[in-house]
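Taking it in order: structure first as structure tokens, then the write-up.
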Amino acid sequence: MPKLISSLFLVLISVSVSANNDDSFRGAVFGVNSKFSGKERSLSLFKAHDNLRHLQILASGVDLPLGGTGRPDAVGLYYARIGIGTPPKEYYVQVDTGSDIMWINCIQCRECPKRGYHGLELTLYDPEDSFTWKPVTCSSEFCAEINGGAVTGCKPNASCLYTETYGDGSYSIGYFVMDVVQYDSVSGDLETKLANGSVIFGCGARQSGNLGSSDEALDGILGFGKSNSSIISQLASSGKVKKMFAHCLDGDNGGGIFAIGHVVQPKVNSTPLIPDEPHYSANVVGIEVGTQLLNLSTSTNASGDKRRTIIDSGTTLAYLPDAIYKPLVYQIVAVQPDLRLRTLHDQYTCFEFSGSVDDGFPAVTFYFENSLSLKVYPHDYLFAFEDSLCFGWQNNGLDSISTTDTILLGDLVLSNKLVLYDLENQTIGWTEYNCSSTIKLRDEITGSVHLVGPRSIPSRGSRIPRGYLISFIILTALLYHMIS
């Protein structure tokens, strides 16, 4: 499920024509930039971003990498540059863990902007310019999977169509194609070589709303959700990579790591994903403010003492049911009885405080099933705004994303943690970590272990603005035979 303005990432895929097909290459590395680095702070922009995203998430019944900064006072949308086709051309795409398909604006899109965010020169994909492109027909297995069965009225050689609709009514419409994507393959510790592989993606013929806005526009979206059409699923279908990925967002300095593969260091404890949900969701069984446990069973709609919790790197703030939000904030401010709370912009609870926030306020700890905990420190959930400190906690009952019992945790609480998604075993986990350092991934083919870490996108003229950087590392063999 794609999002419009989201704390997403973008992937840099090398654009050399001659891709090396040596089977010793077991991974790929992508650099990612933060879209809004250096932009003026705007709480209304963060909240608008979250509202649009959550309208779609919550309407569906329940949605990576992370990098740059997820703090609400420095909006965190991430983008990268990719190479597609033979010969390859460059495209800037958002990478969204809540989206399920990749799509790129195509030559048929007559209203797509020529320039986008920060004046980036945008490129329309033209299948006829690539001698490796292939059509994806409505009778294909992929199309049947996307549509939940055989396509009604499918005619011989007709294209497989897609429509992606977003929470605010914006949409992308087009058809699927298959072509070669270039990327840097992991060849050793912090070393890469050029490789490529074929992927199926949407060729966008028409966009609406913010997708076509020149101020925010990019060339497309790279979906990293749970369905079989997502990039992680397509990579796994080749049998050359496990269905696992991880991200680590440096909330202090920006940047970080996004990796596909088996993380062997640091060690990460995990909790079960809730079955049959389209988003990355787990059950919270307890919340502690300092040493004070909150009561989770105050709502008749809750399932006992468990609260369904969506882990969403595309959300900026953290959203709590009213029955949890009020006692949580009460317990936080109780340690500073002289605080005078005020509401800014009719939605943010703020106060003046001149001391150390970590010394003056308690940490908040979320306890999940299987003894996994997530500790959120005051410097994570408090941020400066208009000479005040404001809570990053938001009350679900006071805005358009209202849902009585769902907790939604965004970048505000995920920063400075390595978050591991293990779809092989249907678990999710995390550990506190220095995201500017390296992690270790194991090659499932050879058993060897490689160091990977943050990596910059090399500049090319004025197309790449300055910003936070993140690595997107895919531990996999060549993708050439991923899709037959």
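The values are calculated or read from the model by the stated rules, or taken from the named source; none is laboratory data. These numbers were taken from a predicted model, which means no experiment stands behind them. A quick note on method: Cβ atoms are made from the backbone with ideal geometry, for glycine too, and the neighbour counts reach across all protein chains shown. Ligands, DNA and RNA are excluded from the accessible area calculation, which covers all protein heavy atoms including side chains. Shrake-Rupley method; radii C 1.70, N 1.55, O 1.52, S 1.80 Å.
Find how much the distance from Ala363 to Glu121 grows on full extension, using 0.36 nm per residue of separation minus their present alpha carbon separation; answer in nm with one decimal.
Numbers: separation 242, 0.36 × 242 = 87.12 nm, distance 4.40 nm.
Here the segment from Ala363 to Glu121 would lengthen by 82.7 nm.
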**Item:** Accessible surface of Ile445 - all protein chains present, 1.4 Å probe, nearest 10 Å²
**Value:** 80 Å²
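With a 10 Å radius around each residue's Cβ, average the other Cβ atoms per peptide and rank 419-431, 351-363, highest first.
Working: 419-431: 19.5, 351-363: 13.5.
Descending packing order for the listed peptides: 419-431, 351-363.
For Gln292 and Gln336, compute 0.36 nm times the residue count separating them, minus their Cα-Cα distance, and round to one decimal in nm.
On the way: separation 44, 0.36 × 44 = 15.84 nm, distance 1.52 nm.
This chain segment gains 14.3 nm when fully extended.
Mind listing which trypsin sites (Lys or Arg not before Pro) in segment 282-383 are in a DSSP loop and have 15 or fewer other Cβ atoms within 10 Å?
Working: sites: Lys306, Arg307, Arg308, Arg340, Arg342, Lys375; in loops: Arg340.
Hits after loop and neighbour filter: Arg340.
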**Fill in**
Here the gain from full extension of Glu277 to Gln426, 0.36 nm per residue of separation minus their alpha-carbon distance, amounts to 52.5 nm
**Request:** Describe numerically, in nm with one decimal, the distance between label points set 7 Å from Cα along Cα→Cβ at Asn370 and at Ser227.
**Result:** 2.6 nm
**Asked** Using a Förster distance of 45 Å, how high is the FRET efficiency between Asp305 and Thr343, based on the Cβ-Cβ distance and rounded to 0.05?
**Response** 0.90
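Using per-residue counts of other Cβ atoms within 10 Å, averaged over each peptide, order 147-160, 125-138 from highest down. Each step should come with its number before you reach the end.
On the way: 147-160: 12.1, 125-138: 16.6.
Going from most to least packed, we get 125-138, 147-160.
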**Asked** Taking a probe of 1.4 Å, how large is the accessible area per residue of segment 412-455, in Å²?
**Response** 37 Å²
**Request:** Mind giving me the nanometre distance, one decimal, between the label points for Asn157 and Gln108, set 7 Å out from Cα along Cα→Cβ?
**Result:** 1.6 nm
